[in-house]
Amino acid sequence: MKKGLVIIAVAAAAIAAYFLFFDKTGTNQTEMPKQLPLAQSANSDTFNMPFNVLLTAYFSLKEALINWDSAKATASADSLVTLASKVPYNSLKADTDIIATAKSLSESIIAEAQGIAGETTIEGQRHSFYTLSDALYNLIRTVHYDQQVIYHDKCPMAFGDDKEAYWISNTSQIINPYLGNRHPHYHGAMIGCGSVEDSIDFRKK
């Protein structure tokens with residue numbers, strides 16, 4: 001008898017659950033969320049991997065200028081030329097205008113890297129580094145690079161007391177590649193001279 005009551009109770013619970021979640025036609029009554037527009041996709045690994053390698057070469061070039069190492073700057077610039085030409089901008093999930101802009105900026109980076117490699121003085125290398133850095137800063141914004149935060153830094157006296165220049169960094173700490181740690185006048189005293197002017201952060205929140 002008790003066993004029969006248990007079976008009836010279970011059946012009643014099942015029927016109640018049915019009518020709670022389903023209407024008479026068998027359709028689920030739970031309101032489905034409206035489909036939202038898809039967010040812009042992050043760049044693919046096909047793009048990000050070579051672009052990260054490109055940035056690593058740029059940071060190596062910056063480090064060489066910080067240390068007044070003209071030979072290493074030349075080698076890093078040579079690497080930049082090769083690596084910048086291998087970034088597959090056509091793989092970007094973007095319209096043709098953005099891809100064309102990215103390719104144009106990449107060509108500027110290649111030209112300036114070639115200039116650095118051909119320079120005979122570290123001062124000349126730094127001038128080309130400034131132009132290269134501006135092109136790379138604009139390229140990062142154009143492609144919505146989203147792997148890490150990138151900082152846009154300014155030196156107010158890169159080429160004299162009143163001639164500023166910029167560079168990019170993956171840290172907020174100022175380590176100035178225009179004055180460096182072996183400056184003939186300041187030595188390493190001005191290596192922290194500068195300011196963060198902008199930060200680029202396209203990472204998903």
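The values are calculated or read from the model by the stated rules, or taken from the named source; none is laboratory data. A quick note: this is a predicted structure, and the numbers were derived from the prediction, not measured. All Cβ positions, glycine included, derive from the backbone under ideal geometry; neighbour counts span all protein chains shown. Heads up: the accessible areas ignore ligands, DNA and RNA and are worked out on the full protein's heavy atoms, side chains in. Shrake-Rupley method; radii C 1.70, N 1.55, O 1.52, S 1.80 Å.
If you take the residues of region 71-120 that are outside any helix (DSSP H, G or I) and among the polar types (S, T, N, Q), which of them is modelled with the lowest pLDDT? This residue is Thr120.
The C-beta contact set for region 98-115 (first residue over 20 Å from Ala64 (Cβ atoms) and aliphatic (A, V, I, L, M), second residue part of a helix (DSSP H, G or I) and open to solvent by less than 30 Å² (accessible area, probe 1.4 Å), distance under 8 angstrom, 6+ apart or interchain) comprises Ile98/Val143; Ile99/Tyr89; Ala102/Tyr89; Ala102/Leu139; Ala102/Val143; Leu105/Ala135; Leu105/Leu136; Leu105/Leu139. The set of residues in region 182-193 being over 16 Å from Glu63 (Cα atoms) and either surrounded by 14 or more Cβ atoms within 10 Å (Cβ to Cβ) or of a type in the set (D, E, K, R) (or both) consists of Tyr186 alone. In region 15-36, the count of residues that are at pLDDT below 50, in a helix (DSSP H, G or I) and open to solvent by less than 80 Å² (accessible area, probe 1.4 Å) is one or more.
Considering (1) within 21 Å of Ala165 (Cβ to Cβ); (2) part of a helix (DSSP H, G or I); (3) open to solvent by 70 Å² or more (accessible area, probe 1.4 Å); (4) among the hydroxyl-bearing types (Ser, Thr, Tyr), the lone condition that Ser128 does not fulfil carries the number (3).
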